[in-house]
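Take a look at the structure below.
Readers should treat all values here as calculations from the given coordinates under stated rules, not as data from a laboratory. Predicted, not measured: the structure shown is a model, and the values here were computed from it. Here the Cβ positions follow ideal geometry from the backbone for every residue, glycine too, while neighbour counts run over all protein chains shown.
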Amino acid sequence: MGREIATVGVVGLGTMGAGIAEVLARNGLRVHAVEVDDAALNRGRAHVAHSTRRAIAKGKLTAEDAAALLDRIQYNTVDLADLAAADFVIEAIPERLELKRELFKRLDGICSDETIFATNTSSLSVTEISVATSRPSRVVGLHFFNPAPVMKLVEVVRTVVTDPGVLADVEALAERLGKSPVTIGDKAGFIANALLFGYLNHAASLYEAKYATREDIDAAMRLGCGLPMGPLALIDLIGLDTAYEILDTMYKQSRTGCTPRRRSSSR
Ligand SMILES: NC(=O)c1ccc[n+]([C@@H]2O[C@H](COP(=O)([O-])OP(=O)(O)OC[C@H]3O[C@@H](n4cnc5c(N)ncnc54)[C@H](O)[C@@H]3O)[C@@H](O)[C@H]2O)c1
């Protein structure tokens, strides 16, 4: 085992990053949150505050624990240099390879050689992201699901050069967060999205072909198949841009399966 992970950086506080920061802080880690500007940082802060208020209202968190959680997250920066002391940095910036490679290249020059880097990518190659740094063996995928504070699964993605000690540390971190880690190789879509997105894309095709209304498509899967939400509602929860990028990457990597629907709203 390597050193214990105590201080973490979260880069990007959108839908996923805010949830990931919340989960980390809830489980006792000190979090440095980084965004592109103060407005985005404030949106991320509001997202975490809203989510913790909901957890209190549902009886899942005491007011005291919520206050301690919020205290552990520092939002006072848009500067990556503040991540110099982090043991572990996870990014949840938009699903674009060049953005993620550029980010890790910069972090590589700021953080200690020991720092572990994780990407929350849904479908991009962790290998291609890792080689933008001088430490590919210390870069993994750590794929949370939406909403991150609630969903139990995390996919831990190893590349062919991932250090086994790093993998063990990241799996231990996931368990500390109360998650159930599944460790897998680096293949577009990993397990869950590789299976899920063909289905979501097919739902969008049925709607596009005017075969059924959006309400009926969602009702069929909720009431007929027992799923908690229908596919079109789920695409909206994921976000159309993110869903498009995931399908596009999976298609480019495999040239099989599903062609992404164009970026028109399903709603
Ligand atoms: N949305 C989902 O359901 C979901 C689920 C699992 C994984 N993911 C993955 O998580 C990642 C983020 O997705 P999201 O839905 O949270 O996106 P989002 O658009 O909600 O959030 C991205 C955030 O990153 C910030 N950002 C952009 N560039 C940055 C930079 N250089 N430095 C710091 N911050 C930066 C943006 O301001 C924005 O707040 C993507 O890789 C996506 O594939 C998304």
Radius 15 Å from Cβ of GLU98, net charge of other residues (Lys, Arg +1; Asp, Glu -1): 0
Residues of type lysines that LYS105 reaches as a straight line, Cα spacing below 28 Å, ignoring anything fewer than 8 places off in the same chain: LYS187, LYS252
Using only the Cα atoms of the chain, what do you get for the radius of gyration and for Dmax, in Å? 18.7, 56
Where does the chain land at 222 nm, in deg cm²/dmol rounded to the nearest 500, when only DSSP H runs of n ≥ 4 count, each adding -39500 (n - 2.57), divided by all residues? -13500 deg cm²/dmol
Roughly speaking, what is the stretch gain from CYS225 to GLN253, that is 0.36 nm per residue apart minus the C-alpha to C-alpha distance, in nm to one decimal? 7.1 nm
What is the ratio of the Cα radius of gyration of segment 1-123 to 2.2 N^0.38 Å, with N the residue count, to two decimals? 1.04
Run the reach check for LYS58 against lysines, Cα to Cα strictly under 21 Å, same-chain hits fewer than 8 apart removed. What comes back? LYS152, LYS179
Return a whole-number percent for the relative contact order of the chain, with Cα pairs under 8 Å and 6 or more residues apart as the contact set. 16 percent
Note on segment 192-254: contact order normalised by length, alpha-carbon pairs under 8 Å, 6 or more apart, percent, works out to 28 percent
Cα centroid separation - segment 37-99 against segment 141-191, whole Å: 20 Å
Taking the Cα centre of the chain as origin, sum charge times position over the Cβ atoms of Lys and Arg (+1) and Asp and Glu (-1), and report the length of that vector in debye to the nearest 20. 720 debye
With 10 angstrom as the radius, rank VAL89, VAL78 by how many other C-beta atoms surround their C-beta, starting from the fewest. VAL78, VAL89
Work from the charge dipole of the chain (Cβ charges, +1 for Lys and Arg, -1 for Asp and Glu, about the Cα centre) and give the residue of GLY17, ALA55, LEU103 farthest towards its positive end. ALA55
